[in-house]
Amino acid sequence: MISRLVDAFGWRRIVVLESREFTGRIRMSAAESAPAQIWTVRALLQWTSEYLRKSGVESAAFEARLLMGHALQCTPIEVVTRYDEEPADSARAAFRELIRRRVDGWPVAYLTGTKDFYLLAFEVNPAVLIPRPDTETLVQTVIDGLKSHSRPTALDLGTGSGCIAISIAHRVKTAGIVATDVSPDALAVAQRNARKHGVESQLRFCQGDLFAAVSDGSKFDWIVSNPPYIAPSEIETLAPDVRDHEPRMALDGGPDGLAYYRRIAADAGRYLEPGGRVAVEIGYQQEEAVRGIFATAGWSASAAIRDMAGRPRVVVAKLA
């Protein structure tokens, strides 16, 4: 006869089992007589972690726990306290769909709809770039620079999810920040994040391409940006979850990856208070090129500030 042996989600194999008559009785196979698998949270996580690992997901156990938390509508920490629980069919179905999409290449942050950054949780979706820990170096640099001002002002160019501007506003309560983005969908995400973290009164969101969104005559103590800085030829070498799902406009930095730095260096001086600074995130191999772009445009750019991995990550420039 034919019997189905199913895994955690009922996904896998059909096994043919033979019935044999022996001394007038049917000898049942071990697979049929064995007790059914009880799919607790722990068992589901163990099976799914191995499945993700075999599918090429590097942080398989961590991501399985994140997705389980999303399916159970609890935090990843709370998942641990529910190891012996048998999830309801609806939660199992939700978890199954999340795992299917993750194996298909979707970033886990888009599946859960959230990403932690600088101790805050940000809403993210395919309209915005997923915040990276490297960018926290840029945020900290600007926060440190704003401390010397009683009522500091900052301009965030290409705000995306708003993670930079909102993190700064959350830490510097006296700061007033203008955040721009060419994408109205990205600005909608950033506005929701600002409301979520209670800093909407400190922020003004403007749609437009870099400085085109800023009123003439506006002046800021700091201009900050994590611009697109990847060359098109390099985009094709990125991990599939980045290359195929994150917004191309937030990645593509022009033919050599440096187009936005040239534009910022050319125009930023008109929007800075005397003694103001520009801080930009860079690719870790771009320090010399970016510093050269600012120097050519009349700026003085110090050696790049390094991220937690020790790689050049932030260039700060002031008018020479």
Local net charge near Ala231, Cβ-Cβ under 9 Å (Lys/Arg +1, Asp/Glu -1): -3
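Which value, in debye to the nearest 20, gives the size of the charge dipole of the stretch 37-167 about its Cα centre, when Lys and Arg are +1 and Asp and Glu are -1 at the Cβ? Could the numbers behind the result be given before it?
Working: 14 positive and 16 negative charges, 28 e Å.
Here the size comes out at about 140 debye.
Relative contact order of the chain, please, whole-number percent, based on alpha carbon pairs below 8 angstrom and at least 6 residues apart. Display every interim value, and only then the final one.
Numbers: 551 pairs, mean separation 37.2, N = 320.
Reported relative contact order: 12 percent.
Using a Förster distance of 41 angstrom, determine the FRET efficiency expected from the C-beta separation of Arg192 and Ala36, and round it to 0.05.
Plugging the Cβ-Cβ distance into 1/(1 + (r/R0)^6) gives 0.40.
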Give the cross-link partners of Lys219 among the lysines, using a straight C-alpha distance below 21 Å as the criterion and excluding same-chain residues fewer than 8 apart. Lys147, Lys173, Lys318
Using Cα centres only, tell me the gap between the stretch 242-282 and the stretch 133-178 in whole Å. 16 Å
The percentage of Cα-Cα pairs in the stretch 54-203 separated by more than 19 Å is 58 percent
With x for Gly and Pro, the residue-by-residue ³J(HN,Hα) of the stretch 307-317, computed from phi through the Karplus equation 6.51 cos²θ - 1.76 cosθ + 1.60 at θ = phi - 60° and given in whole Hz, is 7, 5, 8, x, 9, x, 9, 10, 9, 10, 10
Other-chain or far-sequence residues with amide H under 5 Å of Leu319's (modelled H): Ser300
Under the Karplus curve 6.51 cos²θ - 1.76 cosθ + 1.60, θ = phi - 60°, whole-Hz ³J(HN,Hα) for the stretch 115-129, x wherever Gly or Pro sits: 8, 6, 8, 6, 6, 10, 9, 10, 5, 9, 8, x, 7, 10, 5
Go through (i) 6, 22, 27, 18, 12, 7, 4, 3, 1, 0; (ii) 6, 25, 32, 24, 10, 3, 1, 0; (iii) 7, 29, 36, 23, 5, 0 and flag the label whose value is the computed P(r) over Cα pairs in 10 Å bins from 0, in percent for this structure. (i)
Of the beta bridges DSSP finds with both residues in the chain, what % are antiparallel, to the nearest 5? 50 percent
Given a Förster distance of 35 Å, the FRET efficiency implied by the Cβ-Cβ spacing of Phe62 and Ala259, rounded to the nearest 0.05, works out to 0.50
List, in order, the whole-Hz ³J(HN,Hα) value for each residue of the stretch 280-297 obtained from phi through the Karplus relation with A = 6.51, B = -1.76, C = 1.60 and θ = phi - 60°; use x for Gly and Pro. 10, 7, 9, x, 5, 9, 9, 4, 4, 5, 5, 4, x, 4, 5, 4, 4, 8
Using Cα springs under 10 Å in a Gaussian network model of the chain, which residue among Glu123, Glu78, Glu200 shows the largest mean-square fluctuation? Glu78
From the helices alone, meaning DSSP H stretches of at least four residues, give me the mean residue ellipticity at 222 nm for the chain, per-run term -39500 (n - 2.57), in deg cm²/dmol to the nearest 500. -10500 deg cm²/dmol
Sum up the charges of everything whose Cβ sits under 12 Å from the Cβ of Ala188, counting Lys and Arg as +1 and Asp and Glu as -1, but leave Ala188 out. -1
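Report the extension gain between Gln73 and Ser148 in nm, rounded to one decimal, defined as 0.36 nm multiplied by the number of residues separating them, less their alpha carbon distance. Mind dumping the intermediate values first?
Working: separation 75, 0.36 × 75 = 27.00 nm, distance 4.24 nm.
Extra length from Gln73 to Ser148 when fully extended: 22.8 nm.
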The long-range amide H neighbours of Arg313, using H built 1.01 Å from N in the peptide plane and a cut-off of under 5 Å, are Ile305, Arg306, Asp307
Once the dipole of the chain is set up with Lys and Arg at +1 and Asp and Glu at -1 on Cβ about the Cα centre, which of Ser49, Val139, Ala301 lies farthest towards its positive end? Ser49
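Every number in this text was worked out from the coordinates using simple rules, so none of it is lab data. Worth saying up front: this structure is predicted, and the values here are computed from it rather than measured. Cβ coordinates were reconstructed from backbone atoms using ideal geometry, including for glycine residues, and neighbour counts include every protein chain displayed.
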